[in-house]
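Step one of this worksheet: look at the structure below.
The values are calculated or read from the model by the stated rules, or taken from the named source; none is laboratory data. A quick note: this is a predicted structure, and the numbers were derived from the prediction, not measured. Every residue, glycine as well, gets a Cβ built from its backbone with ideal geometry; the counts of neighbours run over all protein chains shown. Accessible surface is based on the protein model in full, side chains and every heavy atom, while ligands, DNA and RNA are left aside. Shrake-Rupley method; radii C 1.70, N 1.55, O 1.52, S 1.80 Å.
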4 protein chains.
Amino acid sequence: MTLRIVATGGTFDKHYNELNGTLGFADSHLPAAIARARLTVPVELEQLPLLDSLDMQDADRARVLASCQAATESAIVIVHGTDTMPETAAVLGPAALAKTIVLTGAMIPYEIDNSDAFFNLGFACGVAQALPPGVYVAMNGTVFDWNNVQKNRAAGVFQTK
Amino acid sequence: MTLRIVATGGTFDKHYNELNGTLGFADSHLPAAIARARLTVPVELEQLPLLDSLDMQDADRARVLASCQAATESAIVIVHGTDTMPETAAVLGPAALAKTIVLTGAMIPYEIDNSDAFFNLGFACGVAQALPPGVYVAMNGTVFDWNNVQKNRAAGVFQTK
Amino acid sequence: MTLRIVATGGTFDKHYNELNGTLGFADSHLPAAIARARLTVPVELEQLPLLDSLDMQDADRARVLASCQAATESAIVIVHGTDTMPETAAVLGPAALAKTIVLTGAMIPYEIDNSDAFFNLGFACGVAQALPPGVYVAMNGTVFDWNNVQKNRAAGVFQTK
Amino acid sequence: MTLRIVATGGTFDKHYNELNGTLGFADSHLPAAIARARLTVPVELEQLPLLDSLDMQDADRARVLASCQAATESAIVIVHGTDTMPETAAVLGPAALAKTIVLTGAMIPYEIDNSDAFFNLGFACGVAQALPPGVYVAMNGTVFDWNNVQKNRAAGVFQTK
């Protein structure tokens, strides 16, 4: 079993810019998070352009799909912004690849106190190795099928439709 | 799906005592960790006596087994010390309960920088919901069957026998 | 010796709002920071409205001055936004109170990894007890007189004029 | 003004060894702490052997004194174990160097949650630049003269004799 982790940005990877006081993107936190997880499973990290998922266009989602298609691993974790995670899942699901693809992310950036990011990364890595091929969203302890998940923005949680 | 998390101590839950400068046990970190994970799956936390797993006796392992037998949940995560995790797994495995039981822990205590604890907790919560009934050890991104796992203490990693 | 700490907001106290993904203000981090510092010196915490210092108006600076005037303590630390810290210092300095007043803040919010906030708080608490009466800016290991300090925004550092 | 920081070990610099589960010494945390503090004052870091201060012998304290004597800086912060900080201060005080020497440390190691280490480091850096020549202990917001300080081990605080 080898695991592929694909970084696409989102809240998980937001970084505080001390010169202008805003949250944006710089280097991904994933190399540090993967080292901290002391993974004993072989892992490939692929870094796509880091985007706020509200800024993702069709071409960006097509790029995520292309990464999944090209991957030689059968277990793939995609770290993604929460706001349009179901939309990207809806691009990946119909492709029906013979791989277990799990989208995850975070409600609080990895670098901010009390972040759920590291838990969600572990959760997704477990689900990606244990579930049969398919496309799933795995957030905060719940696994969703790609075609039955939505973000409740007012409550800040994922739920079925 | 409801999840049961059983705290038994181990490195995950070690706490620095500032009065005597030693690592021991006080309140479990699991309530804070569970809150931080923002779990949307219903979860029951059961706290057994917190022990260094090198101090675990047969009666302590029997107590863990009794908790698993009494649990109404079909997905159980046991937070356990790393040094005798395979021994406890070897008590739980032959019981052949119709539940998915996953032992996890940490190489670095939850409260210390660069800890793998929160990742492992997430990983185990994913595996416990996704794998068929059985007893597993889930550490640092790898899932092991209960009867084919050992800790390599020199390297600080879990591996098959 | 008793110490007064006055919270006015600024980067130090910025908080990530997980519902809308922005940095703003909620409860001050100072009660937690003060507890963590295990202060053995008596301390009074006064919380003024928490503001981004770019949003501070004359009335807001007058309120800070009024707090200093009303304080019974002779050592005062003001936690303030960095962008207009010199402007507030320039309101407090000419008042020539018989108190040691030290403005400090942070380049990275207290709750974000790698923050300088807790160091600066300690630094200011030391300076406030050790220097003669006057108004000072204390940031990142350097103490400035109130009338000879400016923020170099491009470099993200404080320096003399 | 240039600052010298002298690392001698102690709780501040204790490090968790994941292979044997004990707290000991490895690389000092001070280079990381100094970088995080974004010091704008020139600073020289001198690393002496890192010791638990209960293990310090006369020769170890003589070495600390020699470092202070050799230093070209007039402001010196010594990061030291708490258990015998007053004893080392009692070696440095009678030497009556024309320098401001401040001993500090931590009740909780720098790398453990809720540590006071970073605050104390900032506090000592402030005191070392602001007080007249002499030898001081600066812990948890209180400054003590070298000849009137003791650690109350039961309460975990420093106090006058």
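Things worth noting here:
- Each copy carries B:M1; placing its label point 7 Å along the C-beta direction from Cα gives inter-copy distances of 1.5, 5.7, 5.8 nm, listed from smallest up.
- Under 18 Å from A:K151, Cα to Cα: aspartates and glutamates that are on another chain or at least 8 residues apart: A:D52, A:D55, A:D83, A:E87, A:D116, C:E18
- With every protein chain in place, the protein assembly as shown: carbon and sulfur % of accessible area (1.4 Å): 49
- Aspartates and glutamates whose Cα lies under 18 Å from that of D:K99, excluding same-chain neighbours fewer than 8 positions away: D:E44, D:E46, D:E73, D:D145
- Whether the range C:1-46 is rounded, prolate or oblate, judged on the alpha carbon gyration tensor where a/c under 1.5 counts as rounded: prolate
- Sorting B:L54, C:L92, A:L65, C:L45 by solvent-accessible area of protein heavy atoms yields B:L54, C:L45, A:L65, C:L92, largest first, with a 1.4 Å probe.
- P(r) tail fraction, the protein assembly as shown - alpha-carbon pairs more than 42 Å apart, %: 32
- Hydrodynamic estimate: the Kirkwood radius of chain D over Cα pairs, inserted into Stokes-Einstein at 4 °C and 1.567 mPa s, corresponds to D of 84 µm²/s.
- Size of the B/D contact, given as accessible area buried on both chains, probe 1.4 Å, in Å²: 1400
- Largest to smallest accessible area among A:T72, C:T88, C:T40 [probe 1.4 Å]: A:T72, C:T40, C:T88
- Residue by residue, the range C:115-130 carries 3J(HN,Hα) couplings of 5, 8, 4, 6, 5, 4, 4, x, 4, 5, 5, x, 5, 5, 8, 10 Hz when phi is fed to the Karplus relation 6.51 cos²θ - 1.76 cosθ + 1.60 (θ = phi - 60°); x denotes Gly or Pro.
- Note on the range D:33-85 and the range A:95-161: Cα centroid distance 48 Å, given to the nearest whole angstrom.
- Å² per residue, accessible surface of the protein assembly as shown at 1.4 Å: 36
- Rounded to 0.05, the FRET efficiency of the A:M1 and D:N152 pair, given R0 = 41 Å and the Cβ-Cβ distance, is 0.15.
- Solvent exposure of D:V91, expressed as accessible area, is near 50 Å², computed with a probe of 1.4 Å over the protein chains only.
- In sequence order, calculated HN-Hα J values of the range B:101-106 (Karplus, 6.51, -1.76, 1.60; Hz; x Gly/Pro): 10, 10, 8, 9, x, 8
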